[in-house]
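Notes for the one structure printed next.
The values are calculated or read from the model by the stated rules, or taken from the named source; none is laboratory data. Predicted model, so just to flag it, every value in this text is computed and none were measured. So basically every Cβ, Gly included, is an ideal-geometry build from the backbone, and we count neighbours across all protein chains shown.
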Amino acid sequence: MEKMAKVRHPLRDAHAWLVNVRRLPYVAFIVLFYLNEGFSGGETRLIDYEVTIAPRRGSVLLFEHAMLHEGCPVTAGTKYVLRSDAKYWFEGSEER
């Protein structure tokens, strides 16, 4: 795992990322661990696939970082996630 961070998403906090895809010597993934319940909203949208994933305590979501994605606003309560990046380097690549 590249890095790990506990992220608190308070009411109406949302994130959206546009990714500039380029040829890299590795494939990067985002790993989200959903830590709590008792909130509304806070889904993760995978825009490229037109899929919305509802967070559930104890579940894990893994997707390629290059996918266009966003965190939907939390409409009630507070959402806690543990987020990390995972990278797989191609054999023979010099960068690590």
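For this structure, a couple of remarks:
- The range 65-90: number of residues that are among the small types (Gly, Ala, Ser) and more than 15 Å from VAL27 (Cα to Cα): 3
- Beta carbons closer than 6 Å, at least 6 apart along the sequence or on distinct chains, pair a first residue in the range 16-41 that is part of a loop (DSSP other than H, G, I, E, B) with a second that is aromatic (Phe, Trp, Tyr) and modelled with pLDDT of 90 or more for LEU35/TYR80; ASN36/TYR80.
- The range 80-94 - residue that is acidic (Asp, Glu) and loosely packed, with under 14 Cβ neighbours inside 10 Å and, of those, modelled with the highest pLDDT: GLU91
- In the range 70-79, residue farthest from the chain's Cα centre (by Cα) [restricted to those that are surrounded by 15 or more Cβ atoms within 10 Å (Cβ to Cβ) and part of a strand (DSSP E or B)]: VAL74
- Of all residue pairs spaced 6 or more apart or on separate chains, those with beta-carbon atoms under 8 Å, a first member in the range 46-69 that is at pLDDT below 95 and acidic (Asp, Glu) and a second member that is part of a loop (DSSP other than H, G, I, E, B) and surrounded by 11 or more Cβ atoms within 10 Å (Cβ to Cβ) are ASP48/MET67; ASP48/LEU68.
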